[in-house]
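Below is one structure; the comments refer to it alone.
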Amino acid sequence: MVEQRVEPAKKAAQVIHKKLLGCLQSQLGLDTERRMKKLPLMLLSVSMAESFKDFDADSSIRKVLEMCCFMENHLAKTLSEFELKLEKEVLEPLNKLSEEDLPEILKNKKQFAKLTMDWHNALNKWVTHSDQYSADLYHFATKEDAYANYFIRLLELQAEHHKNSHDFLERNITDVSPVCVTTDSQKNNSRGKVYGEPLLTHLYDSGREIAVPIQECVHMLLHTGMREEGLFRLAAAASVVKRLKSSLDGGVMNHSEFNDPHAVAGALKSYLRELPEPLMTFELYNDWFQAAGEKELTDKLEQFKIVLKKLPSENYNNLRYLVQFLSCLSEQQAVNRMSPSNIAIVLGPNLLWPHMEGEAALLDMASASSVQVVAVVEPLIQYSSSLFPEGTVPPSMFCLLVFRGEVLGVL
């Protein structure tokens, strides 16, 4: 019975090895980086990178192409790593099985048959090869489950690859179409004493005027992130962001440990997104859009001032603190590529969203509301000196102080 399985096993290994080779998008024998350069996804990423250079900095097509370029590059890297593991852990063992191990068994089978015919002339030799042939068959029988695991490993690698790709896209898709939703599960499963807590509760418990994540993250970004290209737009490693959020939750901060500005920006965005109520409040949601709809700039700014006065004091203080920093950040847009419009696109949906039940209902409003939110947040940043006159340093002077290291207490 075992002997009858050898030839089908060899055939199955050969056929599946050949089909798997056809599934590969990269060349065998290359390391991850060299594989990645030859993948269609990487070529697509390069084409996107070359394409968006022809657009001006404020073009929405350029912004989306930049973000898609980054994600296609990451997907190419993930695919390259997947195919490298597939080669090492599936293709090479299958090839050895079909080209070396099983042919050796079949060779012994043929030799055994020949020696049987020459029984009288080669009895000793026959016995030796008979034993070897039997041992090979029993070895194959004992290893059959292990050989079957090659195909199981194929499925495991595919599942891991698709899970990693899904997780990556899920984390970053909001940067292409910014929709930040606070779901009931986020409200009911708050991770700590800061993240997910109502703003007023946190400020009361901590005895502060500015929320810890906002103040600490701004403090770190003033020192390390003002000239960082794509701040708040490019994603950082999830593990670093998680560790930074845990530190902020625990109230123990070591700024020297967090030298990645993108991780700090991610922790700040996460805090704003996980607030049970947006910083700009549910109650004033429609008021903000009505103010932004004014045609004349003077009327628009006047209406914004009226809405700002309606904010609770704790929301107003934290919003003013944050917007002053964002205004300073936009002053460096020639270097960091973060104009008021770009900042509003990636950060605005974390500051204002509608009070609706259910994630599906929020997603249905994503396209319209995200554009409206940008129309609200962009002028707040652009005209922060006029909208927040109390104790505000003009953005140009404020940025100068930042880079001279004299801004620690300004905000």
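Worth pointing out:
- Search result, residues across region 42-71 that are open to solvent by 40 Å² or more (accessible area, probe 1.4 Å) and under 18 Å from Arg171 (Cβ atoms): Val64, Phe70
- Among the residues of region 140-159, just one is among the basic types (Lys, Arg) and either within 30 Å of the chain's Cα centre (by Cα) or open to solvent by less than 60 Å² (accessible area, probe 1.4 Å) (or both), namely Arg153.
- Verdict on Tyr150 being among the aromatic types (Phe, Trp, Tyr), in contact (Cβ under 8 Å) with a residue 40 or more places away in the chain, closer than 24 Å to Leu21 by Cβ and outside the structural domain of Ile16 (by the TED database): yes
- Condition check for Tyr285: in contact with a Pro (Cβ under 7 Å, 6 or more places away or on another chain) and more than 20 Å from Asn342 (Cβ to Cβ): yes
- Close pairs from region 54-76: first free of Cβ contacts under 8 Å to residues at least 60 places away in the same chain, partner polar (S, T, N, Q) and part of a loop (DSSP other than H, G, I, E, B), Cβ under 9 Å, at least 6 apart: Leu65/Ser59
- Filtered residues of region 300-313 (kept if open to solvent by 40 Å² or more (accessible area, probe 1.4 Å), touching a residue at least 12 places away in the same chain (Cβ under 8 Å) and either of a type in the set (Lys, Arg) or under 25 Å from Val218 (Cα atoms) (or both)): Lys300, Lys305, Lys310, Pro312
- Among residues of region 330-349, those that are over 18 Å from Leu319 (Cα atoms), open to solvent by less than 20 Å² (accessible area, probe 1.4 Å) and of a type in the set (Val, Ile, Thr), counted: 0
- Entry remark, region 28-48: residues being touching an Asp or Glu at 6+ places or on another chain (Cβ under 6 Å) and hydroxyl-bearing (Ser, Thr, Tyr) number 2 in total.
- Against the test of being modelled with pLDDT of 90 or more and assigned to a helix (DSSP H, G or I), the options Leu86, Leu75 yield a single qualifying residue, Leu75.
- Filtered residue count, region 90-115, keeping only those that are modelled with pLDDT of 90 or more, within 23 Å of Arg34 (Cα to Cα) and open to solvent by 10 Å² or more (accessible area, probe 1.4 Å): 1
- Taken together, Val64, Val46 contain a single residue that is in a helix (DSSP H, G or I), under 22 Å from Asn336 (Cβ atoms) and β-branched (Val, Ile, Thr), which is Val64.
- Taking the criterion of being polar (S, T, N, Q), open to solvent by 50 Å² or more (accessible area, probe 1.4 Å), in a helix (DSSP H, G or I) and without any contact (Cβ under 8 Å) to a residue 40 or more places away in the chain, the residues of region 244-299 that qualify are Ser256, Asn286, Gln290, Thr298.
- Hits in region 12-28 - residues which are touching a residue at least 24 places away in the same chain (Cβ under 8 Å) and either open to solvent by 60 Å² or more (accessible area, probe 1.4 Å) or assigned to a helix (DSSP H, G or I) (or both): Ala13, Gln14, Ile16, His17, Leu20, Leu21, Gln25, Leu28
- If you go through region 1-11 and keep only what is open to solvent by 70 Å² or more (accessible area, probe 1.4 Å) and of a type in the set (A, V, I, L, M), you end up with just Met1.
The values are calculated or read from the model by the stated rules, or taken from the named source; none is laboratory data. Keep in mind it's a predicted model, so treat the numbers as computed, not measured. Counting neighbours? That spans all protein chains shown, and the Cβs are built from the backbone with ideal geometry, glycine included. Areas reflect the complete protein model, heavy atoms only, side chains present, ligands, DNA and RNA absent. Shrake-Rupley method; radii C 1.70, N 1.55, O 1.52, S 1.80 Å.
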